[in-house]
Amino acid sequence: MLLKREDCKITMSRFWSPIVQSLTPYVAGEQPVIDGLVKLNTNENPYGPSPHALAAISEIVNDTLRLYPEPTGLKLRKAIAASHDLDPGEVFVGNGSDEVLAHTFQALLKHELPLLYPDISYSFYPTYCGLYGITFREIPLDDKMQVRIEDYRQPCGAIILTNPNAPTGTALPLAAIETLVAEHPNQVVVIDEAYVDFGGESAIPLVRKYPNLLVIQTFSKSRGLAGLRVGFAVGQRPLIDALERVKDSFNSYPLDRLTQAGAVAAWEDRDWFQKHCDLIIASRERLTAALGELGFEVLTSSANFVFARHATRGGAELAAELRKRAVLVRHFRKARIEDFLRITIGTDAECDRLLDALKQILV
Ligand SMILES: Cc1ncc(COP(=O)(O)O)c(C=O)c1O
């Protein structure tokens, strides 16, 4: 007998652990295969990784793959630590910063009092809270869509901020982050810096001073390696030890041999990294000005994307019309930001394709 899809769902649910029924999984941006697609929906880097990273990955495709990788990513931790004058024991690496975040939520952010984060922020945070049973309170951004650190002066178990924020792209200065960390000496404050290399100020220099600060970064954006899956956290030993304990209760080998080799080479190629961050920043400023001329309000971005709304046309409609023209951008069906589009910065040619499509739509 053939079962309909809905029947399968009902049959399967009998076998689920109770928590699975209550989960609201994160929905990642689509990865469709469309001819001539201009893909500006998931904040990938249009220039890709350093050629040295590709060479290092190719070199390690050999019979050493029969052996497990070094379990802690030591070479990569050493390279990251050396750049920041830290000890490798103050760096934790994982399979994308999503995995590092997941371990952080489980290891450090579950307390009796709620975890605080902005109402408009990375939409994976409520998913992790659901998975690990963490109580949370969302703190509204102000009416200029900015994080106000005064709003976090309240009893809480921990705080997580994305800086620069996503999907808004706006950044808090380092002094504001330091005030927040200093005002909560008994809570862990996590700063998710996925986009920091495009114009934000990293909080890593504060790590030595504040035992409650954990900074998380990724190789997916500024190092063009979203497909390799590498993220890392920087903090003092007790915080890193907590992450190691969770990791070693979950998967001892989160970074395979290819990934470790590629990530070290990518980290060490500072010239490639800086050159392509600069190109993306220049394209962002150019795109911001052009969108302004088309009637968009564009929030000041320190990221590799802009968050923009049109004066008269809705976000869902614009995203759908762009899609018909093979240009993908991200739209969130969420109160307060329904009219916005989050547009990844592509090459100038890709940005021009977006602008041409918008001109057609807006006539
Ligand atoms: C704010 C933020 N943090 C973390 C991530 C996860 O990045 P990855 O798992 O690719 O390192 C993303 C991805 O888009 C993000 O936007």
In Å³ per residue, the alpha-carbon convex hull of the stretch 113-183 encloses 79
Reduced to Cα centres, the span from the stretch 37-59 to the stretch 163-227 in Å works out to 23
hull vol. (C-alpha, convex hull) per residue for the chain, Å³ -> 172
The FRET efficiency for residue 289 and residue 312, from their Cβ-Cβ distance with R0 = 30 Å and rounded to 0.05, is 0.95
The FRET efficiency for residue 300 and residue 186, from their Cβ-Cβ distance with R0 = 45 Å and rounded to 0.05, is 0.85
Computed over the stretch 52-268, protein heavy atoms only, probe 1.4 angstrom, the accessible area per residue in square angstrom equals 40
For residue 52, the accessible surface traced by a 1.4 Å probe with all protein chains present amounts, in square angstrom to the nearest 10, to 120
The Cα radius of gyration of the stretch 208-261, divided by 2.2 N^0.38 Å with N its residue count, comes to 1.28
In the chain the DSSP beta bridges are antiparallel at a rate, in percent to nearest 5, of 50
Checking the stretch 294-363 for trypsin sites (Lys or Arg not before Pro) in a loop per DSSP with at most 10 other beta-carbon atoms within 10 Å yields 333
Listed by chain and number, the aspartates and glutamates with an alpha carbon less than 19 angstrom from that of residue 78, same-chain partners under 8 positions apart left out, are 70, 87, 90, 241, 244, 256, 268, 269
Both in Å, the radius of gyration and Dmax of the C-alpha trace of the stretch 30-171 are 19.3, 57
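Rounded, prolate or oblate: which one fits the stretch 242-312, using the alpha carbon gyration tensor with axes a ≥ b ≥ c (rounded when a/c is under 1.5, else prolate when a/b beats b/c, else oblate)?
Details: a/c = 4.57, a/b = 2.00, b/c = 2.28.
Cα axes put the stretch 242-312 in the oblate bin.
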Rounded to two decimals, the Debye log10 I(q)/I(0) of the stretch 52-268 (Cα scatterers, no solvent) at q = 0.13, 0.15 Å⁻¹ is -0.71, -0.93
Counting only protein heavy atoms with a 1.4 Å probe and every protein chain in place, the carbon and sulfur fraction of the accessible surface of the stretch 52-268 in whole percent equals 53
Calculated from DSSP helices alone, with each H run of at least 4 adding -39500 (n - 2.57) and the total divided by the residues of the chain, [θ]222 nm to the nearest 500 comes to -11500 deg cm²/dmol
Ordering 267, 16, 272 by the accessible surface of their heavy atoms, 1.4 Å probe, largest first, yields 16, 272, 267
Taking the stretch 135-253, the equivalent ellipsoid from its C-alpha gyration tensor has semi-axes in Å, biggest first, of 23, 19, 14
Taking Cα pairs closer than 8 Å and at least 6 residues apart, the relative contact order of the chain in percent is 23
Between residue 136 and residues 5 or more places away or on another chain, the pairs with built amide H atoms under 5 Å apart involve 115
Checking the stretch 52-148 for GluC sites (Glu not before Pro) in a loop per DSSP with at most 14 other beta-carbon atoms within 10 Å yields 112
For the stretch 23-105, averaging the sequence separation of alpha carbon pairs under 8 Å that lie six or more residues apart and dividing by its residue count, the contact order in percent is 14
Under the Karplus relation with 6.51, -1.76 and 1.60 and θ = phi - 60°, whole-Hz ³J(HN,Hα) for the stretch 30-47, x at Gly and Pro, equal 6, 10, x, 9, 10, 4, x, 5, 9, 9, 10, 10, 10, 6, 7, 9, x, 9
Any helix of the chain counts here only if DSSP assigns it H throughout, its Cα atoms span 24 Å or more along the axis, and its mean Kyte-Doolittle hydropathy is at least -0.5, and such helices are 270-293
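The values are calculated or read from the model by the stated rules, or taken from the named source; none is laboratory data. Keep in mind the model is a prediction, meaning the values are calculated, not measured. All Cβ positions, even for glycine, are placed from backbone atoms using ideal geometry, and neighbour counts span all protein chains on display. Only protein heavy atoms, including side chains, enter the accessible area calculation; ligands, DNA and RNA are left aside. Shrake-Rupley method; radii C 1.70, N 1.55, O 1.52, S 1.80 Å.
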